[in-house]
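*Asks:* Before I ask anything, here is the structure I am working with.
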Amino acid sequence: MAIHPIVLYGSPVLRKKAKPVTADNMSTLIPLIEDMYETMHNAHGVGLAAPQIGKSIRMFVIDVSPIEEYKHSVPFVVINPHILAVSNDQNSYEEGCLSIPFLKGDVMRPTNIKLKFRDEKFVSKTLVFNDFLARVIQHEFDHLNGVLFIDKMSKTSKAGLSEKLQAIQNGSDRNVSDYARISGIEYLKSEDFLTMLNNNKTSEFKKIHTKDRPLSEKEIIEWKKIFG
């Protein structure tokens, strides 16, 4: 397994509609799923979508067991999800995002959802999720459509965030850089991706991509397709 850098706000991949996963892809995606779990846990997150590590595919991982109420829950992967129904009942709750560190805001979402998806064996499932778990799933589902939680904040709550968002995007936010240094979490700005890819600095890209596993030439080509 390997820890991937988390793509920060401002990267184009976070605003793209991700592509569906096919059954033929699954054998190559199993290592990626394991990497996503490790990356999420390393960043102390409860959910991580593939676009957040630069992979524009419809897949995310969930593990809410760090939350006391869900401490016995089992981590799971969601592939090609479709929200079939949502409850009329809604509530507002503070959300954050690994790709937008140190920013939080209240977001209104349906309390219950009915989700159809495929698991890590590409078996189709339809399940109902409630409360906090339903919220986490909706948050990650939004990532697959290029939507961020800040897009769903009220105008009042979102007011005054532009300067902070710009600092995260251009890498000048000291809180983010200091936290990354102390915690060991790797963040990568969109311009860093583009610079390395456009200049074919593959050795630098391999080095920054992961602490444990160098990026293969095939993966580098995939990254170029996403950011090219």
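*Asks:* Which of (1) farther than 25 Å from Val147 by Cβ; (2) modelled with pLDDT of 95 or more is the odd one out, the single condition Ser65 does not satisfy?
*Replies:* (2)
*Asks:* Where in region 1-98 are the strands (runs of 3 or more DSSP E), entirely inside, with at least 1 residues that are in contact with a strand residue (DSSP E or B) (Cβ under 9 Å, 6 or more places away or on another chain) and without any contact (Cβ under 8 Å) to a residue 24 or more places away in the chain?
*Replies:* 90-97
*Asks:* Determine whether Asp142 is crowded, with 18+ Cβ neighbours inside 10 Å and closer than 18 Å to Gly47 by Cβ.
*Replies:* Taking the combined requirement at face value, the residue satisfies it.
*Asks:* Please indicate, with yes or no, whether at least one residue in region 76-92 is within 30 Å of Ala159 (Cβ to Cβ), surrounded by 22 or more Cβ atoms within 10 Å (Cβ to Cβ), in contact with a Lys or Arg (Cβ under 9 Å, 6 or more places away or on another chain) and not aromatic (Phe, Trp, Tyr).
*Replies:* no
*Asks:* Can you pull out every residue in region 105-128 that is aromatic (Phe, Trp, Tyr) and either touching a Pro at 6+ places or on another chain (Cβ under 8 Å) or crowded, with 19+ Cβ neighbours inside 10 Å (or both)?
*Replies:* The answer is Phe117, and nothing else.
*Asks:* Select from region 146-159 the residues that are touching a residue at least 12 places away in the same chain (Cβ under 8 Å) and either loosely packed, with under 14 Cβ neighbours inside 10 Å or within 18 Å of Ile67 (Cβ to Cβ) (or both) and list them in ascending order. Quick ask: steps written out before the conclusion?
*Replies:* Going through region 146-159, the residues touching a residue at least 12 places away in the same chain (Cβ under 8 Å) turn out to be 146, 148-150, 152-154, 157-158.
Correct list: Phe149, Ser154.
The values are calculated or read from the model by the stated rules, or taken from the named source; none is laboratory data. Being a predicted model, the structure only gives us computed values, none of them experimental. Virtual Cβ from ideal backbone geometry, glycine too; neighbours counted across all protein chains shown.
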